[in-house]
Amino acid sequence: MSYPLLEAFAEGLWLTTPFQHLPATTRLQDLVWIAANSTNSALRLPLYNEYLRKPRPKTKVFDEAIQSGLAVLAAFAHAAGTRQAVVRLGEGQLQAISFQPRPHGANWTAAHAIAPLELWDNRTDPLPTPDSAQAPAGMMVEISTRGILHLAGKTAKAIARLHGEHDNTPKGFVSDATVTFEFPAGFMRPRARAILRPLAANKATHVIELAQ
């Protein structure tokens, strides 16, 4: 059985710098699992170092995690026809995540969680395959539209932390900001850039591009 969206997603990952060496496999969903799992693992230290009782990671660790996040988001957007994602942060916490055009109508807010309701269930989410609940051994990340939205939120928070005050506390980063992910159309390879816009007038805008 063919799953065009998942297949295009996996093939797009191969065209990104962070995942160009993914192993060849007849199960393309395995590639997405590997990329999603490694990206979430890479983001763990930049986002939760205080809770893990670890020092603030070096800039290189942030950069590699953010590049992985951008690559997964770009590959998904390339496959789904999404051109932009906007993440709103308030007091350092996620407030809203919106893709435009919305893949499958997906939207997330802190007040109402993800909508529409069909995306709560893998059986009615257009992204997973029927067997996607059975991840490869040791991989707990699921393939779902809600998982992609939350990855955008994690990547946005990592960008905000990278360019924050660096005081090594949970609020030691840009606490009120928007991060806009742009996915340009018309290219053979997935492309992405993230624009951090702090709401405070005295803080600079930062732009991070997916490496080509």
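Of note:
- Boolean, ASN122 is more than 23 Å from LEU15 (Cβ to Cβ), under 16 Å from the mean Cα position of the chain (by Cα) and either crowded, with 16+ Cβ neighbours inside 10 Å or modelled with pLDDT under 75 (or both): no
- Residue within the stretch 55-78 that is in contact (Cβ under 8 Å) with a residue 40 or more places away in the chain, in a loop (DSSP other than H, G, I, E, B) and either β-branched (Val, Ile, Thr) or surrounded by 14 or more Cβ atoms within 10 Å (Cβ to Cβ) (or both) present: yes
- Test: LYS157 is over 22 Å from GLY12 (Cα atoms), surrounded by 13 or more Cβ atoms within 10 Å (Cβ to Cβ) and at pLDDT 90 or above: yes
- For the stretch 125-154, filtered to residues that are closer than 15 Å to PHE9 by Cβ and small (Gly, Ala, Ser), the residue that is modelled with the lowest pLDDT is SER132.
The values are calculated or read from the model by the stated rules, or taken from the named source; none is laboratory data. Bear in mind that the values here come from a model prediction, so they are computed numbers and not experimental data. Cβ atoms come from the backbone with ideal geometry, glycine included; neighbour counts cover every protein chain shown.
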